[in-house]
Amino acid sequence: MPIFLFIFFLLMVGYVLLINYYQRGWNRIPEFVPGEQLPTTTISVVIAVRNEDANISPLLQSLANQQYPTSLFEVIIVDDHSTDRTWELLHEHPFTQLQLKKIKLATDHIGEAPVVAYKKKAIETGIRQASGTLIVTTDADCRFPATWLTTLATFYETAQAKFIAAPVKMWQCEGLLGVFQTLDFITLQGITGASVYQKFHSMCNGANLAYERAAFYEVNGFAGIDAIPSGDDMLLMHKIAQKYPNNVFYLKSKDAMVTTAPATSWPAFFHQRIRWASKADRYQDKRIFRVLLLVYLMNACFLVLGIAAFWKSTWLFFLLLLLVAKTLIEFPFVHSAARFFGQQQLMWYFPLLQPLHILYTLIAGWLGKFGSYKWKGRTIKKTTGK
């Protein structure tokens, strides 16, 4: 056990340096303030949907509320083989002011081979029909401030960006699940902003992305990552960052902040996180893999200490001591991000949820590598990609 504690100590030192790096990066990101000149960029909002009949009307309403001139943006919704009334509702919508293109995928095969990366296929189909200079992607369960597209376009023109990762906020829901996943999401958003701003590694969320249509084709779209079920966001980001390392940005602005729906049950939450974790070993950007490995190994050490504590009370002391240390390391960083998202009141629960977060990290990471997950009525097997 002395060797184990030494290894744990080394991992904790690495973790301290990592979290401190993220905190300094997040705090250094300037909040974007648009100038007076109005942007003129044409935008194509591309949204892949599957079984979203409950979200179609509020989604279109949120898009119709945009302050951006309707002549400068179009909405392309690609129906990925919905089995509910999604396709019918798209034709019944009353939002005639929107330039709306509706596409229904005709097949789930490419030639004789079945599609593996369903969402990538839907987005790519939408981009082929797009006319905008800037592609903006989001999800059907998202809602947007009226300033969303205007802020994205202004930042794009100001920064001469090729790829923009923008903030995503989770609707706060009540109960343990709601608080837990909201805090987890805040942490991920803070890491996203810090890592992109400092060009440490690629990270983003597909609910709020923008990239040049030309840049998408310059890196050959999803080619090379189209056999991976997920990763329409981060894996594409890395491809564009490799070609344009100085033109990939995080847009820190409340006016560009998208709000997304939380998972409504623990199984749904775990399937979502397992889906996110499933691409961890497929990152070409090995820096993020090393970060994930450090975090996973450190959390695994907590599990080992917890098991050892059943046999010897000394290990319980070390477990509690290191758990307090982990909380103190993370708290300032997460609190800083939570203030930006207006959810700092949840930080009261942060120390209490540490054991649950460690357990969740271990389960999601393991199943992301060796298990399968369900998403939109489909079962995706990690080992086969089906």
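The values are calculated or read from the model by the stated rules, or taken from the named source; none is laboratory data. The model shown is predicted, which means the values in this text are computed figures rather than measured ones. All Cβ positions, glycine included, derive from the backbone under ideal geometry; neighbour counts span all protein chains shown. Calculation scope for accessible area: heavy atoms of the full protein, side chains included, ligands and nucleic acids excluded. Shrake-Rupley method; radii C 1.70, N 1.55, O 1.52, S 1.80 Å.
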Radius of gyration, Dmax [segment 291-351; alpha carbons; angstrom]:
14.3, 44
If you take all C-alpha pairs in segment 15-115, what percent of them are over 18 Å apart?
63 percent
Trp348-Asn27 FRET efficiency (beta carbon distance; Förster radius 22 Å; 0.05 resolution)
0.50
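For the pair Ala227 and Ala309, what calculated FRET efficiency results from E = 1/(1 + (r/R0)^6), where r is the Cβ-Cβ distance and R0 = 56 Å, to the nearest 0.05?
It comes to 0.85.
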Taking one equal scatterer on every alpha-carbon of the chain, how large is log10 of I(q)/I(0) by Debye at q = 0.09 1/Å?
-0.53
Once the Cβ-Cβ distance between Ala261 and Lys369 is put in as r, and R0 is 30 Å, what FRET efficiency do you end up with, to the nearest 0.05?
0.65
In whole percent, the fraction of accessible protein surface over the chain that belongs to carbon or sulfur atoms, probe radius 1.4 Å, stands at 61 percent
Contour minus end-to-end for Asn20 and Lys286, with contour as 0.36 nm per residue of separation and end-to-end as the Cα-Cα distance?
93.7 nm
With respect to the cross-link table entries Lys243/Lys326; Lys101/Lys286; Lys239/Lys326; Lys239/Lys369, which display a Cα-Cα separation exceeding 30 Å?
Lys243/Lys326; Lys101/Lys286; Lys239/Lys326
Computed [θ] at 222 nm, deg cm²/dmol, the chain (DSSP H ≥ 4; -39,500 (n - 2.57); rounded to nearest 500):
-16000 deg cm²/dmol
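Sorted by average packing, counted as other Cβ atoms within 10 angstrom per residue and highest first, what order do 42-54, 296-308 take?
42-54, 296-308
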Through the Karplus equation 6.51 cos²θ - 1.76 cosθ + 1.60, θ set to phi - 60°, convert the phi angles of segment 145-155 into ³J(HN,Hα) values in whole Hz; use x for Gly and Pro.
x, 4, 8, 4, 5, 4, 5, 4, 5, 5, 5
Run the reach check for Lys254 against aspartates and glutamates, Cα to Cα strictly under 16 Å, same-chain hits fewer than 8 apart removed. What comes back?
Glu31
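Which percent, nearest 5, of DSSP beta bridges in the chain are antiparallel?
Approximately 40 percent, going by the DSSP bridge assignments.
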Given a 1.4 Å probe, the accessible area of segment 184-326 per residue, as a whole number of Å², is 41 Å²
Which whole-number percent is the relative contact order of the chain (Cα, under 8 Å, 6+ apart)?
20 percent
